[in-house]
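The next block holds one structure in the form of structure tokens; read it before the comments.
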Amino acid sequence: MSPLSRRRRIADALEVRWTPALAARTQRRIGEAVARRRRRRRALVAGLALLSLGGVSFAFVRGPELFGRRSPNVTGAPSTPSRALAAPAEPPPIPEEAPPATVPAPPTTAPTLPKRASHRRPAAAAQPPPSVASLFAAADAARLAGQPADAVAPLTAILDRFPGDRRAALAAFQLGRVLADDLHDAAAAARAFARAREIDPTGPFAGAAAARASEAQRNAHPQSAP
Amino acid sequence: MAAVSSPPRLETVRLVPAGDGGPSGGAGAPGSFEEVYARHAGYVAGLVGRVLGSNHEVPDVVQEVFLIAHRRLGGVRDSGSIRAWLGRIAVREAGRRLRWRRVRLFLQPARTIEADLVAADGRDRELRPLCALLYASLDRLPARERVPWVLRNLMGEPLDSVAELCGCSIATAKRRIAVAEQVLRPILGADEENE
């Protein structure tokens, strides 16, 4: 009878095959898997970075345009919302040449008022040039505010500054509508409708522009109508 | 009559208990991943092989264990605990394999799973049939009972070490070992050492 129990003999008889070659091969596979994982992680980080970069650049380029279209300025001035929001939060302007406490203060605060105005004027001048969307927004705001005459300038500005834009025909058509319906200037409206048709002869406004142009011409020259 | 030449003996690993001054290193930083692999890959392979009972799955599980270790090695501060930490990962991964094996066994009962038994071919080759029978019976046990039994009986781990490796209390480990023992006693006989 063996001095060792049967389970002890089995435990001693078990041998796991783990040769140096097998260990080296497994280590190589581990290294490959780690490298694969690193490559995947780098690709993921690069993708996320590109995505965030694209999002940020999109927000910078198109954000004000989209935001301006959603909430147009009522006064018609093409200003960005961030600027409009930031304006009330501005700290009260400190006079640049404020005298110390020992020096007697000026009798009135009147001299500070021109300084405030002169402080804001360069900020307004530093605004970016208006885009097509902001001009459209200004025109819409003026019309909604019941001042269609103020809508003429932004729409004309679109036609003058961005004649190649795909929305120029819409601007001309809109200008014609304002002139014909609100301002009752049939001759100018006929010119605006003709311009709309001329800019985009095959566009969605071409037919309506032609009809409105002939109607405006008829109104402008009622004696020439048949 | 021609003498039957015994097959060449494989280069194999034998387990070194944690307290025997094995290559576990002292306290301090665990070192680079290559050092950890060089020191402990044999231990992990031996543990995994004995738990699974087959040689052909060992490299895959060792790879999984060391991939996990590579990811989490930065969180280990004491090099003395690396061996136990790797043992816990190895037991968990081996248990996962065993659960999948039982699922496959359930779906295909006639399938022969064991292909490359960890039993020795040379000195104790008369024990190979018994080892095959033992692992076939172990395959019928759930992993949560099989692993503590293997750790206790085939690796000689003390109960507290078994409990630590399995992530359970000593009482739970004892209970699971006892359940497995009831199934395996007809094959192995009574445990004279523990009784």
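The values are calculated or read from the model by the stated rules, or taken from the named source; none is laboratory data. Just so we're clear, the structure is a prediction, and the values are computed from it rather than from any experiment. Cβ coordinates were reconstructed from backbone atoms using ideal geometry, including for glycine residues, and neighbour counts include every protein chain displayed.
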*Looking only at the stretch B:37-67, count how many residues are of a type in the set (Val, Ile, Thr), in contact with a strand residue (DSSP E or B) (Cβ under 9 Å, 6 or more places away or on another chain) and under 16 Å from B:Arg88 (Cβ atoms).*
1
_When you scan the stretch A:15-36, do you find a residue that is closer than 17 Å to B:Asn153 by Cβ and at the interface with another protein chain (Cβ under 7 Å from one of its Cβ atoms), even just one?_
yes
_One residue from B:His70, B:His40 being modelled with pLDDT of 90 or more and more than 9 Å from chain A (Cβ to nearest Cβ)_ = B:His40
*Do we find a residue being in contact with a Ser or Thr (Cβ under 7 Å, 6 or more places away or on another chain) and within 17 Å of B:Gly95 (Cα to Cα) anywhere in the stretch B:163-174?*
yes
*asked:* Tally up the residues in the stretch A:137-174 that are farther than 21 Å from A:Glu215 by Cβ and part of a loop (DSSP other than H, G, I, E, B), please.
replied: 9
*Considering (1) crowded, with 17+ Cβ neighbours inside 10 Å; (2) at pLDDT below 90, say which one B:Ala18 fails and leave the rest.*
(1)
*Name, by its number, the condition in (1) modelled with pLDDT of 85 or more; (2) part of a helix (DSSP H, G or I) that does not hold for B:Leu127.*
(1)
*Among (1) under 17 Å from B:Val91 (Cβ atoms); (2) at the interface with chain A (Cβ under 9 Å from one of its Cβ atoms), which single condition is B:Asn55 missing?*
(1)
